[in-house]
């Protein structure tokens, strides 16, 4: 039987050699202190430090934002030119922030008066993207209050058990938006919206009740 080849973690080791001394200089002298500061699991970070696992982009981004250590510093000068050239090739798109999506009981929260604009990359393939701000706790910890939900119109079939923003009419001239997980019985034209938080029961709807169902493409969370 052939032995499985070990994954090359040379890049992780290079990052570790540069990153941990810089963290120590900022007073972060242990894995537990680092884990607590960026809200990550200490065991996972310990595996990374020992070269048994790799950093994720989210983890390095938290370190950059919270501890002020640039990506160039983490990766070293040999990666700087590549990073600069890649950043120049990234195309940004202006995406409107329309208002709020309720994560809980339905309420009229499609707020046109909350319009803002933000620039985002990797949205070129999306159809009419927009951002809604999450409210309520029914989707925690997957979606937390204040998270920005990047949504778009979809051409493909939305898969069951994925997150969507469902928009439907309630009282006359009132539009409601809900961020939920979806189960769609297309033969019976029935849609079930359900939450991760089990204190919120699933709700069943006819397809005809909805104005539109948008695909949830990305959750953007500010690091506190």
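Every read-out reported here was derived from the displayed coordinates using simple, explicitly stated rules and does not represent laboratory data. Just so we're clear, the structure is a prediction, and the values are computed from it rather than from any experiment. Neighbour counts are summed over all protein chains in view; Cβ atoms, including those assigned to glycine, are modelled from backbone coordinates with ideal geometry.
Per 0.36 nm of contour for each residue apart, how much would the distance between residue 196 and residue 17 grow if the chain were fully extended, relative to their Cα-Cα spacing?
60.5 nm
Cα-Cα pairs above 17 Å in region 7-46: how many percent?
Result for the distance tail: 34 percent.
Evaluate E = 1/(1 + (r/R0)^6) for residue 160 and residue 54, where r is the Cβ-Cβ distance and R0 equals 25 Å; express this FRET efficiency to the nearest 0.05.
0.20
By count of other Cβ within 10 Å, fewest leading, how are 22, 126, 139 ordered?
In order of increasing Cβ crowding within 10 Å: 22, 126, 139.
Could you list 153, 40 so that the one with the fewest beta carbons within 10 Å of its beta carbon is first and the one with the most is last?
153, 40
Would you calculate the separation in nanometres between label points at residue 128 and residue 221, each defined as 7 Å from the Cα along the Cα-to-beta-carbon direction?
With each label placed 7 Å out from Cα toward Cβ, I get 3.0 nm.
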